[in-house]
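Chemist: Okay, here's the structure, questions in a sec.
The values are calculated or read from the model by the stated rules, or taken from the named source; none is laboratory data. These figures come from a predicted structure and were not determined experimentally. A quick note on method: Cβ atoms are made from the backbone with ideal geometry, for glycine too, and the neighbour counts reach across all protein chains shown.
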Amino acid sequence: MEVKNPYIFKVNEKLVRMRFSDTDKIADDYLTSVLKNLYR
């Protein structure tokens, strides 16, 4: 898989956009939440 922009890419035809913010949460927390919502 070739990735031109490491912050925007597709996974199984779903667009994934990575952004950063000032918070105490880590990426793992957000990814876990997204996956739980996708696979309920």
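Chemist: Do you know which of the residues in the range 17-32 that are polar (S, T, N, Q) and in a loop (DSSP other than H, G, I, E, B) is farthest from Y7 (Cα to Cα)?
Modeler: T23
Chemist: Take the residues in the range 2-40 that are of a type in the set (A, V, I, L, M) and in contact with a Phe, Trp or Tyr (Cβ under 7 Å, 6 or more places away or on another chain); name whichever of them is modelled with the lowest pLDDT.
Modeler: Residue satisfying both the conditions and the ranking: V3.
Chemist: Could I ask something else about it? Name the pairs whose Cβ atoms lie under 6 Å apart, with the first residue in the range 2-26 and exposed (fewer than 10 other Cβ atoms within 10 Å of the Cβ), the second among the β-branched types (V, I, T), and 6 or more positions between them or separate chains?
Modeler: As it stands, the answer is R17/I8, since those pairs meet every condition given.
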